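Data first, discussion second: the structure below is written as structure tokens.
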Amino acid sequence: FVYFHQSLVFENAAWSWTDAQQRTLWFYAHVYPWAVRCFLHADTRVFVQLEGIKNSFAQKFGHDPDKIITVFPTVGPPMSPSDDDTPLDASVLRLFYPALPFAYKNHQVLCEALPQLGRPCRLYLTTPPVPGEGRPELVRLGQLDKAQMARLYHQCDALVFPSKVETFGLPLLEAALCGLPVIAADKPYARDVLAGYEGARFVDADDPAAWAAAIGALRCGVRYRPIDVSGRRSWDYLFEQLWKK
């Protein structure tokens, strides 16, 4: 059995191993595939989380698609925020993007889109503070724990998620389980995760004007019916397959 959770393998980006910020990405793109191949045999069953990853895996590694099994992760709704949480400023549009500061997470498109909005907003990020940045609309919070994440999911007006590469994109599901509006990059991973969720909108990952338009159309305080993923095969199915062996 192989449990596969790393989509950087499928990217052709020119990351450099000599750049400290890109070295890990280069490793996953160029060394990790070799390690994966060492574990693949004719009878190897591979577990992935999304259909798009299944198709990419079969194509790149030449593995039998019938031996690649899609299992959606079992994820409950984010915890409720505590009563003593200080409310975020409700006089502005509140956006949330939880992501590490990697280039493929595509923070830049949001930084370029926000000045085009024509309305006050705050974008809450989980990246470290940038000394001297001078942009009050960018609120860099650093790493958050589960309770802090829950606060943002429940108090913000939308999740924005322009990442170009994801193996799953857990914040998309967590936000949809809260009924939070989601604006996501128009990528297969996002459409897979958010399939059936009426609060999702998809935007060209590289178009700041399109992001500005989508964000500008948001209304404060709107919520949707939480996404229903009960019909998707999940961890229980995965362990059933292991026990059958």
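Here are some notes:
- Residues of the range 65-74 satisfying the condition of being in a loop (DSSP other than H, G, I, E, B) and open to solvent by 40 Å² or more (accessible area, probe 1.4 Å): T74
- Test: residue in the range 16-26 that is open to solvent by less than 40 Å² (accessible area, probe 1.4 Å) and modelled with pLDDT of 85 or more: yes
- Scanning the range 47-59 for residues that are open to solvent by 10 Å² or more (accessible area, probe 1.4 Å) and in a helix (DSSP H, G or I) gives E51, G52, I53, K54, N55, S56, A58, Q59.
- On inspection, L100 passes the criterion of being within 25 Å of L138 (Cα to Cα), surrounded by fewer than 17 Cβ atoms within 10 Å (Cβ to Cβ) and modelled with pLDDT under 95.
- The residues in the range 208-245 that are part of a loop (DSSP other than H, G, I, E, B) and farther than 24 Å from P77 by Cα can be counted, and the count is 2.
- Every pair of residues 6+ apart whose Cβ atoms lie under 6 Å, when the first sits in the range 128-150 and is surrounded by fewer than 11 Cβ atoms within 10 Å (Cβ to Cβ) while the second is of a type outside the set (A, V, I, L, M, F, W, C) and assigned to a loop (DSSP other than H, G, I, E, B): G142/P128
- V2 being touching a strand residue (DSSP E or B) at 6+ places or on another chain (Cβ under 6 Å), open to solvent by less than 80 Å² (accessible area, probe 1.4 Å), touching a residue at least 12 places away in the same chain (Cβ under 8 Å) and not aromatic (F, W, Y): yes
- Residue identified as within 25 Å of P77 (Cβ to Cβ) and part of a strand (DSSP E or B) among R151, R191, R122: R122
- Options G118, G142, G169, G132: the member that is among the small types (G, A, S) and under 18 Å from A200 (Cα atoms): G169
- Taking first residues from the range 199-228 that are touching a residue at least 24 places away in the same chain (Cβ under 8 Å) and partners that are buried (at least 20 other Cβ atoms within 10 Å of the Cβ) and of a type in the set (D, E), the Cβ contacts under 6 Å between residues at least 6 apart in sequence or on separate chains come to L218/D157; C220/D157.
- Cβ pairs under 6 Å, 6+ apart, first in the range 16-38 and part of a loop (DSSP other than H, G, I, E, B), second open to solvent by 70 Å² or more (accessible area, probe 1.4 Å) and of a type in the set (D, E, K, R): W17/R23
- Every residue from the range 32-46 that is over 18 Å from L242 (Cβ atoms) and either among the aliphatic types (A, V, I, L, M) or exposed (fewer than 10 other Cβ atoms within 10 Å of the Cβ) (or both): W34, A35, V36, C38, A42
- Test result for F27, over 23 Å from the mean Cα position of the chain (by Cα) and aromatic (F, W, Y): no
- The single condition among (1) surrounded by fewer than 18 Cβ atoms within 10 Å (Cβ to Cβ); (2) touching a residue at least 12 places away in the same chain (Cβ under 8 Å) that G62 does not meet is (2).
- The residues of the range 170-181 that are under 23 Å from Q6 (Cα atoms) and over 11 Å from the mean Cα position of the chain (by Cα) amount to a single one, A176.
- Contacts under 9 angstrom Cβ, first residue in the range 161-174 being under 10 Å from P98 (Cβ atoms) and open to solvent by 10 Å² or more (accessible area, probe 1.4 Å), partner assigned to a loop (DSSP other than H, G, I, E, B) and not hydrophobic (A, V, I, L, M, F, W, C), 6 or more apart: L170/P73; L170/P98; P171/P98; E174/P77; E174/P78; E174/P98
The values are calculated or read from the model by the stated rules, or taken from the named source; none is laboratory data. Computed from a prediction, not measured in an experiment: that's the story for all the values here. Methodologically, a virtual Cβ is constructed for each residue, glycine included, from the backbone with ideal geometry; neighbour enumeration extends over all protein chains shown. Heavy atoms of the whole protein, side chains included, go into the accessibility calculation; ligands, DNA and RNA do not. Shrake-Rupley method; radii C 1.70, N 1.55, O 1.52, S 1.80 Å.
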